[in-house]
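*Asks:* My structure is below; once you've seen it, I'll send some questions.
The values are calculated or read from the model by the stated rules, or taken from the named source; none is laboratory data. If you're wondering where the values come from, they're calculated on a predicted model, not measured in any experiment. So basically every Cβ, Gly included, is an ideal-geometry build from the backbone, and we count neighbours across all protein chains shown.
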Amino acid sequence: MLQLLGLLSSVLALFPEMNAFALPRRGNYFRSDRRMPPPDYELGAEAWARERGLEPSWYPVNRPKPQPSWNRLVKDLNRRTTKDRARIMIEERVPPEAFEWLREMIKTEDWIALRIVGHDRTEEEIRGRAAMAAMRWEIERQTAEATPPDSTDPAGAAAPPPALRPRF
């Protein structure tokens, strides 16, 4: 009996799935989705629904996507897949005079300096803080270039080696 049942189930598995309770399709009355027009209708599904007073299945939204936050963009700079897009979006938010500072911070991967500039700030505050950070960075760079090397060391002698660590 079990062998006969197994043979019958394997034969039934070969047939395509049939729904015994499906109603035959006749005209527009038995259609499962009234929003879809018949094949010979030429104006499209939206026009079909509007003619019958049906709500559209979706509403077009023309509002722009919100920009990602400053912190999200700084985190994206450290990711390989989003690095270029994040760099472009950050460059759009800072003033042109801060580009050199920004590129140096990205090159040296100084994420803390970038996060401080934009943490909980508006777009105008971010622009102002980036300009201030760029000016500070430029001043520090100029003073480091203008400062001569240590003059107490004659002929550029090498510094003494670090002290040996004591053994415990």
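*Asks:* Taking E46 as the residue in question, decide whether it is over 25 Å from R129 (Cβ atoms), free of Cβ contacts under 8 Å to residues at least 40 places away in the same chain and in a helix (DSSP H, G or I).
*Replies:* Considered against the rule, which asks whether it is over 25 Å from R129 (Cβ atoms), free of Cβ contacts under 8 Å to residues at least 40 places away in the same chain and in a helix (DSSP H, G or I), E46 comes out as yes.
*Asks:* Which residue is surrounded by the most Cβ atoms within 10 Å (Cβ to Cβ), if the candidates are limited to region 70-83 and must be without any contact (Cβ under 8 Å) to a residue 12 or more places away in the chain and among the polar types (S, T, N, Q)?
*Replies:* Applying the filter and picking the extreme gives T82.
*Asks:* In the list A49, A86, A22, which residue meets the criterion of being at pLDDT below 90 and either in contact with a helix residue (DSSP H, G or I) (Cβ under 9 Å, 6 or more places away or on another chain) or loosely packed, with under 12 Cβ neighbours inside 10 Å (or both)?
*Replies:* That would be A22, the only listed residue that is at pLDDT below 90 and either in contact with a helix residue (DSSP H, G or I) (Cβ under 9 Å, 6 or more places away or on another chain) or loosely packed, with under 12 Cβ neighbours inside 10 Å (or both).
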